[in-house]
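Peer 1: Here's a structure for you.
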Amino acid sequence: MKTQIKILIVIAIATLVTIKAYGQATTDYSKKIEPELLKKDFRVLRDSLQNIHAGLYRYKTQPEMNGVFDDAYRQLDHPMTETDFFAIVSNVISNIEDGHTECFLPKDFIQSIVSTVRIFPIQIRFIGEKAYVPCDTKEFNAGTEIVSIDDKPVNDIRKQLFAHLSSDGTIATEKYVKINDGHDPFSYLYLVVYGEKPDFRVGYKTSSGQFEEKVLSARLFNDMECPPVRVEINKYLILDYQAGNTAVMTIKTFANEFMERTKENFENFLAASFKELKDKKINKLIIDLRENGGGEDTNGLLLYRYLSNKPFRYYASLNTTKHVITDHPNLNVQQPEENNFKGKVEFLISGKSFSGAAEFSAIAKSNQRGLFIGEETAGGYYGNTSGSKIALELPNTGIRVNIPITKYVMAVKRSKYKDRGILPDHTVVPTITDYLQHRDVQMDFALKLINKQD
């Protein structure tokens, strides 16, 4: 299974806030840890990554990664707090350039932060090089552009925070998703990188475009404005019809465990849907993968079998650090399904299209099956390192690190970039106004385009 399994910081925070009645956390947020203990943890981390992580040198050479490890180790020459050490570890993890490799502070430490530490009071939203207030707050109207925090331009802040987030290659879209939508919410990551502050001098643009400043007091997590919202999904697989003999197939996951919760079956859904498309003589299809973080790799393969009219290959190779895998079914030459779709296809992708969803997109893109619309996928074009993982806990700090063990290489044609995801043929990025007004400009573009092609 290749689901994007992540311990969401925002979920942990929400859970911990709800149990505050049981008592305050006992972890000392400001406690310093001796350098010898930090060095021991770092050696465990480095040894584990070098022995287990099959894709450690996919994007950087071994000498380059050794330089990253050595530079980080040299910083451990004095006592530092847990968050100071975590900032170093997260930067190392980010430098691996693998979205499945992630690190997390201990749960009790997060509880301490939630209960006692004051943070930047608004969960701002980044779009490109700018940042905005995504809801009405006590100080700002929704859509207000934030220009600077404590005299530092927000784009410089974004770049520094992104250096502590993991993603495949140099892909940025996944990092926007993480910092905007709650995996590593802005206020939390800002605390990790810049430390605790009593207040913040915020530069912003007024409605008339003038630059002004306000001082905002830090707040506890529970009092943060515009917090990330976790959306409950009741249905992952949807087939709808639009004007112009067009169908829209929305696939929000390839993970069977998620679909079991909603009593959906992926194989049955595809079989029924493509038979229905054939019976209705539908000749235009939009496949929406914008919320698909991956799942069973066989599900991505099965979907493409319904889109191909000739044999194809899916994986070129799989390996761990110990051996080459030769018995995975996706390594075989694949045959089309009987009711394969022969009409026009468009694909909607985003910074949430990760892991198995990016693998599927890579095969569809390489075989020129249709146009891609939206934003670059979170997953790499040539493959990823995922599958089973080792959940490492560092002995002295308790920091947790997920280390994937299988390197997947896709059977795709050569691309211009070695370190990017699947790039859209038509890039469509929602503006802050689109976001606030809940306009689906990417879907609107796709529908206009597919009908324009007639």
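Peer 1: Mind checking which lysines have their Cα closer than 17 Å to the Cα of Lys342? Skip sequence neighbours fewer than 8 apart in that chain.
Peer 2: By straight Cα distance, Lys342 reaches Lys275, Lys278, Lys280, Lys281, Lys284, Lys310, Lys365.
Peer 1: Using protein chains only and a probe of 1.4 angstrom, how many square angstrom of Glu393 are accessible, to the nearest 10?
Peer 2: 120
Peer 1: Now, a different point. Roughly how many nanometres apart are two label points built 7 Å out from the Cα toward the Cβ at Ile233 and Phe258?
Peer 2: 0.2
Peer 1: Another question, then. Cross-link candidates for Lys214: which lysines have Cα within less than 22 Å, leaving aside residues fewer than 8 places away along the same chain?
Peer 2: Lys130, Lys138, Lys152, Lys197, Lys205
Peer 1: While we're on this one: Hey, what do the phi angles of the range 137-153 turn into as Karplus ³J(HN,Hα) couplings, whole Hz, using 6.51/-1.76/1.60 and θ = phi - 60°, x for Gly and Pro?
Peer 2: For the range 137-153, the Karplus curve yields 10, 5, 10, 9, 7, 4, x, 4, 7, 8, 9, 8, 10, 6, 6, 9, x Hz.
Peer 1: Report the residues of the range 116-153 in range of a label on Phe211: point 7 Å along Cα→C-beta, backbone N strictly under 12 Å from it.
Peer 2: Those under the cut-off are 147-149, 151-153.
Peer 1: Further, regarding this structure: What FRET efficiency would be calculated for the residue pair Thr170, Arg400, taking the C-beta separation as r and a Förster radius of 25 Å, to the nearest 0.05? Present the calculation step by step, with values, prior to reporting the outcome.
Peer 2: Working: r = 25 Å, r/R0 = 1.01.
The pair Thr170/Arg400 has a calculated efficiency of 0.50.
Peer 1: What residues qualify as long-range amide H neighbours of Asp288, i.e. H under 5 Å apart, gap of 5 or more or another chain, H built at 1.01 Å from N?
Peer 2: Correct list: Met249, Thr250, Ile251, Leu348.
Peer 1: Let me ask something else. Enumerate the residues in the range 299-333 having an amide nitrogen under 12 Å from the point lying 7 Å beyond the Cα of Lys342 toward its Cβ.
Peer 2: Under cut-off, by backbone N: 309-310.
Peer 1: Turning to a different aspect of this structure: Among [x] 23.0; [y] 51.6; [z] 21.5, only one was calculated for this model; which label is it, if the read-out is mean projected area of the Cα convex hull in nm²?
Peer 2: Evaluating mean projected area of the Cα convex hull in nm² on these atoms matches [x].
Peer 1: With all protein chains present, how much of the accessible area of the range 193-273 (probe radius 1.4 Å) comes from carbon and sulfur, to the nearest whole percent? Before the final figure, lay out each step's value.
Peer 2: On the way: 2070 of 4620 Å².
It is 45 percent, rounded to a whole number.
Peer 1: Then there's this: With every protein chain left in place, what is the accessible area of Leu161 in Å² (1.4 Å probe, nearest 10)?
Peer 2: 0
Peer 1: May I pose another question? Can you give me the % of accessible surface on the range 332-454 that is carbon or sulfur? Probe 1.4 Å, all protein chains present, nothing else counted.
Peer 2: Values: 2640 of 5380 Å².
Carbon and sulfur: 49 percent of the exposed surface of the range 332-454.
Peer 1: Sticking with this structure for a sec: At 222 nm, what value in deg cm²/dmol follows for the chain if DSSP H runs of at least 4 each add -39500 (n - 2.57) and the sum is divided by all its residues, to the nearest 500? Mind showing how you got there, number by number?
Peer 2: Values: 14 runs with 150 residues, N = 454.
Rounded to the nearest 500, the figure is -10000 deg cm²/dmol.
Peer 1: Rank these residues by their accessible area, most exposed first, probe 1.4 Å: Arg58, Arg290, Arg439. List each step's numbers first, then the result.
Peer 2: Working: Arg58 50, Arg290 30, Arg439 105 Å².
The residues order as Arg439, Arg58, Arg290, largest area first.
Peer 1: State, to one decimal in nm, how far the label point of Asp425 lies from the label point of Thr116, with both points 7 Å from Cα in the Cβ direction.
Peer 2: Computed distance between label sites Asp425 and Thr116 equals 5.7 nm.
Peer 1: Return a whole-number percent for the relative contact order of the range 96-225, with Cα pairs under 8 Å and 6 or more residues apart as the contact set.
Peer 2: Values: 201 pairs, mean separation 46.5, N = 130.
The value is 36 percent.
Peer 1: Then there's this: Once amide H atoms are placed 1.01 Å from N in the peptide plane, what residues at a sequence separation of 5 or more from Tyr381, or on another chain, have their amide H within under 5 Å of its amide H?
Peer 2: HN-HN under 5 Å from Tyr381: Arg420, Gly421, Ile422.
Peer 1: Here is a follow-up. Charges only on Cβ, +1 for Lys and Arg, -1 for Asp and Glu: so what's the dipole of the range 83-203 about the Cα centre, in debye to the nearest 20? Intermediate results must be reported in sequence, preceding the final value.
Peer 2: Details: 12 positive and 18 negative charges, 50 e Å.
Using Cβ point charges on Lys, Arg, Asp and Glu, the range 83-203 gives about 240 debye.
Peer 1: What is the Å³ per residue value for the convex hull set by the Cα atoms of the range 209-274? Please report the intermediate quantities before stating the final value.
Peer 2: Details: hull volume 11.8 nm³, N = 66.
Convex hull volume per residue, Cα atoms: 179 Å³.
Peer 1: Ok, one more. Report ³J(HN,Hα) in whole Hz for each residue of the range 403-418, in order, from the Karplus equation J = 6.51 cos²θ - 1.76 cosθ + 1.60 where θ = phi - 60°; Gly and Pro get x.
Peer 2: Each residue of the range 403-418 in turn: 10, x, 10, 10, 8, 9, 10, 7, 8, 10, 6, 4, 10, 5, 10, 8 Hz.
Peer 1: Continuing with this model, one more query. Would you grab the residues whose amide H sits under 5 Å from the one on Ala131? Only those 5+ places off in sequence or on another chain, please, with H modelled 1.01 Å from N.
Peer 2: Those lying under 5 Å, H to H, from Ala131 are Ile146.
Peer 1: How much space per residue, in cubic angstrom, does the convex hull of the C-alpha atoms of the range 367-449 take up? Could you put the intermediate results ahead of the total?
Peer 2: Working: hull volume 14.1 nm³, N = 83.
For the range 367-449, the hull spanned by Cα atoms encloses 170 Å³ per residue.
Peer 1: Do any cysteines of the chain lack a neighbour Cys whose Cβ is under 4.7 Å away, and which are they?
Peer 2: Those would be Cys103, since no other cysteine Cβ in the chain comes under 4.7 Å of theirs.
Peer 1: Turning to a different aspect of this structure: I'd like the per residue volume of the convex hull spanned by the Cα atoms of the range 353-398, given in cubic angstrom.
Peer 2: Details: hull volume 4.1 nm³, N = 46.
Residue-normalised Cα hull volume stands at 90 Å³.
Peer 1: Follow-up. Beyond 26 Å, how much of the Cα-Cα pair distribution for the range 63-222 remains, as a whole percent? List each step's numbers first, then the result.
Peer 2: Values: 3884 of 12720 pairs.
Pairs farther apart than 26 Å: 31 percent.
Peer 1: Mind checking the full-extension length gain between Lys280 and Lys32? Use 0.36 nm per residue of separation minus the Cα-Cα distance, one decimal, nm. All intermediate terms of the calculation are to be shown ahead of the outcome.
Peer 2: Details: separation 248, 0.36 × 248 = 89.28 nm, distance 6.71 nm.
Length gained between Lys280 and Lys32: 82.6 nm.
Peer 1: Further question: At a 1.4 Å probe radius, which order do Thr173, Thr116, Thr246 fall into by accessible area, largest first?
Peer 2: Working: Thr173 25, Thr116 75, Thr246 0 Å².
Highest to lowest solvent-accessible surface, that is Thr116, Thr173, Thr246.
Peer 1: Between Arg201 and Gln368, what is the label-to-label distance in nm when each label sits 7 Å out along the Cα-to-Cβ direction?
Peer 2: Inter-label distance under the simple model: 5.7 nm.
Peer 1: Next up: Pairwise over distinct Cα atoms, reciprocal of the mean inverse distance: report the Kirkwood radius of the range 222-355 in Å, one decimal place. Mind showing how you got there, number by number?
Peer 2: Details: mean 1/r = 0.0601 Å⁻¹.
16.6 Å is the Kirkwood radius here.
Peer 1: Could you put Arg219, Arg201 in order of accessible surface area, largest first, with the 1.4 Å probe and the full protein assembly present? Please list the in-between numbers first.
Peer 2: Values: Arg219 55, Arg201 85 Å².
Largest to smallest exposure gives the sequence Arg201, Arg219.
Peer 1: Going 7 Å from the Cα of Asp223 toward and past its Cβ, which residues in the range 175-200 have a backbone nitrogen under 16 Å from where you end up?
Peer 2: 197-200
The values are calculated or read from the model by the stated rules, or taken from the named source; none is laboratory data. What you see is a predicted model, and the numbers here were worked out from it, not measured in a lab. A quick note on method: Cβ atoms are made from the backbone with ideal geometry, for glycine too, and the neighbour counts reach across all protein chains shown. Ligands, DNA and RNA are stripped out before the accessible areas are found, and what is left, the full protein with its side chains, is counted by its heavy atoms. Shrake-Rupley method; radii C 1.70, N 1.55, O 1.52, S 1.80 Å.
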